[in-house]
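Below: the structure, in structure tokens.
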Amino acid sequence: MSTLMERDSAYVANTYRRFPVEVVSGKGSLLWDTDGKRYIDLGSGIGVTAFGIADDAWQAAVTAQLGRVQHTSNLYYTEPCVALAERLCERTGMKRVFFGNSGAEANECAIKVARKYAAEHKGAEYSTVITLENSFHGRTLTTLAATGQDHFHELFQPLTPGFVHAPANDFAAMEALVAEHKVAGILMECVQGEGGVNSLELKYVRQVAELAAREDIVLMIDEVQTGNGRSGKLYAYEYYGIRPDVVTTAKGLGGGLPLGAAILGEKVADVLGFGDHGSTFGGNPVCCAGAVNVLDRIDDELLADVRRKSLYLFNELIKAKGVKSVSGMGLMIGIETKRPAAEVVAECRENGVLCLTAKHKVRLLPALNIPMELLEEAIAVIKAACAKEDRLCL
Ligand SMILES: *Cc1c(COP(=O)(O)O)cnc(C)c1O
């Protein structure tokens with residue numbers, strides 16, 4: 001009998017460099033592998049299992065819907081999809097929602113909205129979308145074109161044309177691109193997640209938002225990773241005091257089931273009409289029933305708790321041996337370590353704590369409701385792993 005790892009490498013496409021852990025089950029912020037080893041989960045499936053693994057309330061909402069109807073297609077009305085759209089609009093002040101199944105699809109929708117809006121209001125030649133260098137917006141050919149990291153592009157040419165990339169936090173560069181190109185939209189993450197957990201500067205984001213409003217450019221904020229309470233606000237753009245035209249989100253929204261959303265503001269709410277866009281699975285009732293449960297639990301109390309835990313993590317890490325800097329927002333944290341991040345993550349895993357990396361940093365995306373005791377236990381392991389080479393060097 002070959003092992004799970006051997007069967008995976010024989011039959012599953014080789015696109016993932018997986019960690020050597022065979023996950024069998026979990027509960028909340030704990031996972032167990034085939035050997036019965038326990039791990040504290042600080043990655044939550046890359047910011048997806050917002051309330052942890054097999055969370056009771058989420059599971060009840062999902063299984064109740066599963067027993068009623070699991071799929072209808074978008075030819076019919078279902079309650080969870082409408083209930084979720086209502087809630088998203090009420091909580092953001094935005095007007096309509098298009099549902100897909102992933103972050104990339106949410107961004108695809110946003111880009112289509114920006115291009116159609118521009119075509120109708122300014123002319124079809126206004127098709128360029130500006131994104132930021134070092135951004136990440138997805139893996140489809142269009143969202144790869146949007147992603148401002150060349151190494152993702154090299155072997156997949158030609159990508160969708162009409163994307164240019166601006167250096168982050170350089171408003172003059174953004175102004176120059178807007179002057180040079182016929183621009184439909186600007187798409188950016190408030191905190192670049194995959195790019196290394198880097199927050200955009202307050203002044204820059206406000207200037208870009210003002211420029212977009214002035215030039216009638218569709219401002220799209222990618223909250224696939226930062227959204228749904230992860231930042232300590234429902235959406236990270238709230239920290240910047242801006243009003244985007246489109247907010248895209250996914251990851252934590254479904255609590256572990258595939259769900260993406262493009263939330264449309266007043267300016268673009270009615271851009272898409274019958275037949276302009278669609279998705280067979282989009283707005284699936286089971287995924288949406290889970291998401292309604294997730295969203296209803298992201299209340300002021302939970303958000304305050306996320307910010308409290310964030311402060312605790314920043315305070316612990318900033319003074320820890322072997323830590324060069326700490327970045328991020330809420331429970332989305334990047335740690336620049338003296339040791340290579342991959343080594344720190346491997347050592348934490350050996351010692352029962354699962355972390356992620358983002359570029360050269362260790363990245364933490366724990367469940368929003370991770371118990372304080374588990375966070376304390378995990379941070380001790382991380383601090384020890386960060387400090388290690390220091391000790392060896394002495
Ligand atoms: C993960 C991510 C995406 C892509 O989401 P998928 O669900 O993998 O398609 C897009 N944008 C950001 C900011 C992300 O973090």
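Stokes-Einstein diffusion coefficient for segment 58-297 at 4 °C in a medium of 1.567 mPa s, Rh from the Kirkwood formula over Cα pairs: what value in µm²/s?
Estimated via Stokes-Einstein, D reaches 72 µm²/s.
Placing +1 at every Lys and Arg Cβ and -1 at every Asp and Glu Cβ, with all other atoms neutral, what dipole size does the chain have around its Cα centre, in debye to the nearest 20?
Value, rounded to 20: 460 debye.
Tally Lys/Arg at +1 and Asp/Glu at -1 over every other residue whose Cβ is under 9 Å from the Cβ of GLY334; what's the total?
+2
Each residue of segment 136-144 in turn: what ³J(HN,Hα) in whole Hz from Karplus with 6.51, -1.76, 1.60 and θ = phi - 60°, glycine and Pro shown as x?
Per-residue couplings from phi come out as 9, 10, x, 10, 6, 4, 6, 6, 5 Hz.
Could you give the nm distance between label points at ASP216 and GLU377, where each point is 7 Å from its Cα heading toward the beta carbon?
5.9 nm
Taking 0.36 nm per intervening residue step and subtracting the Cα-Cα distance, what contour gain separates ASP299 from ARG206 on full extension?
30.9 nm
Of GLN59, THR160, VAL82, which is farthest along the charge dipole of the chain in the positive direction, counting Lys and Arg as +1 and Asp and Glu as -1 at C-beta?
Comparing the listed Cα positions along the dipole, GLN59 ranks first.
By a straight-distance test (C-alpha under 14 Å), which aspartates and glutamates pair with LYS95 as possible cross-link partners, with residues fewer than eight away in the same chain excluded?
Answer for LYS95, where 14 Å is the Cα cut-off: GLU86, ASP245, GLU266, ASP270, listed by chain and number.
For VAL97, what charge total do you get from the other residues with a beta carbon under 14 Å from its beta carbon, if Lys and Arg give +1 and Asp and Glu give -1?
Neighbour charge sum, excluding VAL97 itself: -3.
Report the gain in length on full extension from ARG308 to PHE281: 0.36 nm times residue separation, minus Cα-Cα distance, nm rounded to one decimal.
Extra length from ARG308 to PHE281 when fully extended: 6.0 nm.
For LYS37 and TYR11 in one chain, what is 0.36 nm times their gap in residues minus the Cα-Cα distance, to one decimal in nm?
Result: 6.8 nm gained on full extension.
Determine the distance separating the Cα centre of segment 28-55 from the Cα centre of segment 230-299; give it in Å without decimals.
That distance is 24 Å.
Show that you can apply the helix-only estimate: for the chain, add -39,500 (n - 2.57) for every DSSP H stretch of four or more residues, divide by all residues, and state [θ] at 222 nm to the nearest 500.
After summing the helix terms and dividing by residue count, I get -12000 deg cm²/dmol.
Given a cut-off of under 8 Å on Cα pairs at least six residues apart, what relative contact order in percent is computed for segment 58-297?
31 percent
Can you work out ³J(HN,Hα) from phi for every residue in segment 166-176, in order, using Karplus 6.51 cos²θ - 1.76 cosθ + 1.60 and θ = phi - 60°, giving whole Hz and x for Gly and Pro?
Taking θ as phi minus 60°, the curve returns 10, x, 5, 6, 10, 5, 4, 5, 5, 4, 5 Hz for segment 166-176.
Could you pull out every one of the aspartates and glutamates with an alpha carbon less than 16 Å from that of LYS233, ignoring same-chain neighbours closer than 8 positions?
Cα-Cα hits under 16 Å: GLU90, GLU189, ASP222, GLU223, ASP296, ASP299, ASP300, GLU301, ASP305.
Can you work out ³J(HN,Hα) from phi for every residue in segment 102-117, in order, using Karplus 6.51 cos²θ - 1.76 cosθ + 1.60 and θ = phi - 60°, giving whole Hz and x for Gly and Pro?
Each residue of segment 102-117 in turn: 7, x, 4, 5, 4, 5, 4, 4, 4, 5, 4, 4, 4, 5, 5, 4 Hz.
Each label point is 7 Å from the Cα along the Cα-to-Cβ direction; what then is the distance between the points at VAL69 and LYS27, in nm?
In this crude label model, VAL69 to LYS27 measures out at 3.5 nm.
Would you list which lysines come within 18 Å of LYS182, measuring only between C-alpha atoms, while excluding same-chain residues fewer than 8 positions from it?
In chain and number order, the partners are LYS112, LYS116, LYS122.
Just so you know, all these numbers are worked out from the coordinates, no wet-lab data involved. Worth saying up front: this structure is predicted, and the values here are computed from it rather than measured. Neighbour counts are summed over all protein chains in view; Cβ atoms, including those assigned to glycine, are modelled from backbone coordinates with ideal geometry.
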